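What follows is one structure encoded as structure tokens, with my remarks underneath.
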Amino acid sequence: MTSQQSPEIHMQEIDGQHRMLVTLMTDLHEALKYARATETISDAFDEVVEYTNYHFTVEERLMRESGFPGYLLHKAVHDVVRVQLLDLRAQFENGGRGAVSPATLQFLRDWLISHITAEDEAMARYLDAEAAGSPARVTIH
Ligand SMILES: [Fe+2]
Ligand SMILES: [Fe+2]
């Protein structure tokens, strides 16, 4: 997996979390690709699952507190990914190192990048406008 950077949405805290998520997904991809020790892969999985959940929870709190109108839709997208990650980890735990293809992680990383440029960017525009005192009309993707 190439070291593609996460797009910036110009919210310092969230941009930092996106960079961390891309790094953790890349680490997991490499652990799977190079068939590292089961424990190494398992730890990398735990990090991705836990940090993704942490990051999504931060965004969801920001959206709820600001009254962002696209909150439910955005949270529904997060929830699908939460379930997918838990499902993948279960596949790995039940089936061992060969049970999860490295390409799946590539797909998830690509999904994350497009989520940042669409839904997260819309959230950031709303939060910016709200901070300036006039919530923008946002396009919900
Ligand atoms: Fe995000
Ligand atoms: Fe998000």
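The values are calculated or read from the model by the stated rules, or taken from the named source; none is laboratory data. Bear in mind the structure is a predicted one, so any value in this text is a computation, not a measurement. Cβ coordinates were reconstructed from backbone atoms using ideal geometry, including for glycine residues, and neighbour counts include every protein chain displayed.
Remarks
Table: residues versus (1) within 14 Å of LEU108 (Cβ to Cβ); (2) surrounded by fewer than 17 Cβ atoms within 10 Å (Cβ to Cβ); (3) not aromatic (Phe, Trp, Tyr).
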| residue | (1), (2), (3) |
| --- | --- |
| GLN17 | no, no, yes |
| VAL22 | yes, no, yes |
| HIS29 | yes, no, yes |
| ALA44 | yes, no, yes |
| GLU60 | no, no, yes |
| VAL83 | yes, yes, yes |
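- Failed item, numbered, when LEU108 is tested on (1) closer than 25 Å to THR23 by Cα; (2) in contact with a Phe, Trp or Tyr (Cβ under 9 Å, 6 or more places away or on another chain): (2)
- Yes/no for ARG36 being more than 24 Å from PRO7 (Cβ to Cβ), charged (D, E, K, R), in a loop (DSSP other than H, G, I, E, B) and away from ligand 2 (no atom under 15 Å from the Cβ): yes
- Residues satisfying the stated conditions in segment 1-16, i.e. within 10 Å of ILE116 (Cβ to Cβ), modelled with pLDDT of 95 or more and not acidic (Asp, Glu): ILE14
- When residues in segment 58-80 are screened for being within 11 Å of ligand 1 (Cβ to nearest atom) and among the β-branched types (Val, Ile, Thr), 2 of them pass.
- Of residues in segment 119-134 being surrounded by fewer than 15 Cβ atoms within 10 Å (Cβ to Cβ) and among the hydrophobic types (A, V, I, L, M, F, W, C), the one modelled with the lowest pLDDT: ALA131
- Cβ separations smaller than 6 Å between residues 6+ apart or across chains give the following pairs from segment 10-26 residues that are under 13 Å from TYR54 (Cα atoms) and within 11 Å of ligand 1 (Cβ to nearest atom) to residues that are at pLDDT below 95 and not in a helix (DSSP H, G or I): HIS18/SER6.
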